[in-house]
Amino acid sequence: MTTRLSTSSFTGTARTLVAVGTAAAMLAVPALAGTANIKVGDNYFVRPGSTPTVTVRAGTTLRWVWAGRKPHNVVGSGFRSPVKTSGTYSRRMSKKGTFRVICTIHSTMKMNVRVV
């Protein structure tokens, strides 16, 4: 037996719950292939504190954006940006896996990139 529901059979509360549930599910999904910006602050990637992990789909271009005043570089498996104090550096992530990215100038400055 198949039951069809029209939108008029949902109450306002039910529609709200469906919308909230859909929004929460979308936040848990890795970024679609495209471009993902990553902040390069003074002695951190993404945010100050613990080592962040950024999850993206294969084919995504990561773009590191310098936002601090100190010089940094971006070094990962098979790539190395120049030392910079401003501007951007981009790298397309095509291989699946988890990769460590560091700044060779500041030993505590690191992040993980997970490509799915």
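Key figures
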| item | result |
| --- | --- |
| Residues that are hydroxyl-bearing (Ser, Thr, Tyr) and buried (at least 19 other Cβ atoms within 10 Å of the Cβ), drawn from segment 34-77 | 44, 60 |
| Every pair of residues 6+ apart whose Cβ atoms lie under 6 Å, when the first sits in segment 74-102 and is modelled with pLDDT under 95 while the second is assigned to a strand (DSSP E or B) and surrounded by 12 or more Cβ atoms within 10 Å (Cβ to Cβ) | 77/99 |
| Residue in segment 1-15 that is at pLDDT 95 or above and of a type in the set (Phe, Trp, Tyr) present | no |
| Among (1) in a strand (DSSP E or B); (2) in contact (Cβ under 8 Å) with a residue 24 or more places away in the chain - the single one residue 106 does not satisfy | (1) |
| Residues that are among the charged types (D, E, K, R) and over 19 Å from the mean Cα position of the chain (by Cα), drawn from segment 81-105 | 84 |
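The values are calculated or read from the model by the stated rules, or taken from the named source; none is laboratory data. The shown structure was predicted, so the numbers you read here are calculated from the model rather than taken from an experiment. As a convention, Cβ positions derive from the backbone with ideal geometry for all residues, glycine included, and neighbour counts pool all protein chains shown.
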